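Peer 1: I'd like to ask you about the structure that follows.
The values are calculated or read from the model by the stated rules, or taken from the named source; none is laboratory data. The shown structure was predicted, so the numbers you read here are calculated from the model rather than taken from an experiment. Cβ sites come from the backbone with ideal geometry, for glycine too, and all protein chains shown count toward neighbours.
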Amino acid sequence: MTDNVATGGDVLVILRHGPHGGSLLREGLDTALVAAAFGKRVSLLFMGEGAAALVSGQTAGALGQKGTHATLAMLEMYDIETLLVEAEALEGLGLVMADAEMDVQPVSAAEVADQVAAHALVMTF
Amino acid sequence: MRYAIVVLGGPYSHQASHSGLRFAKALIARGHQLEAVFFYHDGVYNAARLAAPPQDEPHLVDGWVELHRQHNVRLDVCIAASLRRGLLDEGEAQRHGKQGHSVEAPFELTGLGQLIDLGLSCDRLVTFAP
């Protein structure tokens with residue numbers, strides 16, 4: 001485990017729904033941004049289909065939905081720097097780290113448990 | 001223990017609201033304190049004051065209201081998630097030039113900051129999602 005992963009924080013937001021076809025992931029990200037705006041140390045963990053949000057080159061598409069790529073691009077501005085992805089989820093979706101738009105840290109199932117324990121509040125979307 | 005509940009599922013579409021309400025009653029019956037229920041995502045439809053389900057189904061909106069009346073549980077509804085789904089209280093309806101309103105007390109439109117506060121101040125925050 002790297003130092004970055006071990007840091008923990010105030011709020012861990014777990015995103016386990018895909019970036020398209022539903023708005024749960026986007027509304028989860030909104031929660032993370034609000035928590036950060038309130039001065040909380042926020043970490044994001046992409047699990048299951050949520051990992052698909054990390055794939056680079058996504059756009060809003062024809063439906064007029066906002067998508068999540070623009071929000072992900074704003075994370076740094078909100079000082080949300082701990083970005084984690086469940087390694088198994090990447091593998092399950094046939095993705096590799098090079099597909100990711102940003103700098104994310106892959107974590108094992110055991111490290112997911114560590115992360116949950118290392119944050120005062122865990123919110124799952 | 002002090003609890004708070006987050007409901008992300010729409011009433012009658014998913015089990016989330018039914019389970020959330022039952023969990024709320026169960027934890028109060030066990031002597032715990034339920035501070036608030038926060039409705040977010042499609043969960044905001046639980047605050048629709050015009051909901052008129054058939055009589056042989058549980059009335060979820062009335063169920064939440066009863067929870068508030070009997071146990072003083074706060075019913076917080078995310079304002080951003082509500083507005084885009086057509087759930088407006090009298091003030092918001094007026095502000096957006098809409099006739100009629102679809103949310104009323106004891107449900108209260110509030111911001112996501114309230115959810116963060118709730119999560120950090122309660123012992124347990126339990127999410128009911130679709």
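Peer 1: If residue B:84 satisfies all but one of (1) within 14 Å of another protein chain (Cβ to nearest Cβ); (2) touching a residue at least 12 places away in the same chain (Cβ under 8 Å), what's the number of the condition it fails?
Peer 2: Going through (1) within 14 Å of another protein chain (Cβ to nearest Cβ); (2) touching a residue at least 12 places away in the same chain (Cβ under 8 Å) one by one, residue B:84 breaks only (2).
Peer 1: Assuming residue B:17 fulfils every condition listed in (1) outside any helix (DSSP H, G or I); (2) touching a residue at least 24 places away in the same chain (Cβ under 8 Å) apart from one, which condition is it?
Peer 2: In the conditions (1) outside any helix (DSSP H, G or I); (2) touching a residue at least 24 places away in the same chain (Cβ under 8 Å), residue B:17 misses (1) alone.
Peer 1: Looking at the structure I just gave you, is residue B:44 within 15 Å of the chain's Cα centre (by Cα), assigned to a loop (DSSP other than H, G, I, E, B) and modelled with pLDDT of 95 or more? Please lay out each step first, then the result.
Peer 2: Values: within 15 Å of the chain's Cα centre (by Cα): yes; assigned to a loop (DSSP other than H, G, I, E, B): no; modelled with pLDDT of 95 or more: yes.
Answer is no for this residue.
Peer 1: Ok, one more. For the range B:36-51, which residues satisfy the criterion of being surrounded by fewer than 20 Cβ atoms within 10 Å (Cβ to Cβ) and more than 19 Å from residue B:14 (Cβ to Cβ)?
Peer 2: Correct list: B:49, B:50.
Peer 1: Among the residues of the range B:107-121, which ones are surrounded by 15 or more Cβ atoms within 10 Å (Cβ to Cβ), of a type outside the set (Phe, Trp, Tyr) and more than 9 Å from chain A (Cβ to nearest Cβ)?
Peer 2: B:108, B:109, B:110, B:114, B:118
Peer 1: Right, here's the next one. Can residue B:29 be described as surrounded by fewer than 19 Cβ atoms within 10 Å (Cβ to Cβ) and either in contact (Cβ under 8 Å) with a residue 40 or more places away in the chain or among the β-branched types (Val, Ile, Thr) (or both)?
Peer 2: Numbers: surrounded by fewer than 19 Cβ atoms within 10 Å (Cβ to Cβ): yes; either in contact (Cβ under 8 Å) with a residue 40 or more places away in the chain or among the β-branched types (Val, Ile, Thr) (or both): no.
Taking the combined requirement at face value, the residue does not satisfy it.
Peer 1: Restrict the check to the range A:70-93 and report whether at least one residue is away from every other protein chain (no Cβ under 14 Å), part of a loop (DSSP other than H, G, I, E, B) and either over 14 Å from residue A:29 (Cα atoms) or aliphatic (A, V, I, L, M) (or both). If you could, list the steps in order and put the result at the bottom.
Peer 2: Let us first name the residues in the range A:70-93 that are away from every other protein chain (no Cβ under 14 Å), namely A:70, A:72-77, A:79, A:81-93.
From what is left, the residues that are part of a loop (DSSP other than H, G, I, E, B) are A:79, A:81, A:93.
Okay, now just the ones that are also either over 14 Å from residue A:29 (Cα atoms) or aliphatic (A, V, I, L, M) (or both), so A:93.
Yes - at least one qualifying residue is present in the range A:70-93.
Peer 1: Another question, then. Any idea which residue in the range B:7-23 is farthest from the other protein chains (Cβ to nearest Cβ), counting only those that are of a type in the set (A, V, I, L, M, F, W, C) and touching a His at 6+ places or on another chain (Cβ under 9 Å)?
Peer 2: Filtering first and then ranking leaves B:7.
Peer 1: What is the one condition in (1) touching a Pro at 6+ places or on another chain (Cβ under 9 Å); (2) more than 13 Å from every other protein chain (Cβ to nearest Cβ) that residue A:56 does not satisfy?
Peer 2: Just one mismatch for residue A:56, condition (1).
Peer 1: For the range A:36-66, enumerate the residues that are over 18 Å from residue A:124 (Cα atoms) and crowded, with 19+ Cβ neighbours inside 10 Å.
Peer 2: Pass one, the range A:36-66, residues over 18 Å from residue A:124 (Cα atoms): A:37-39, A:55-66.
None; the set is empty.
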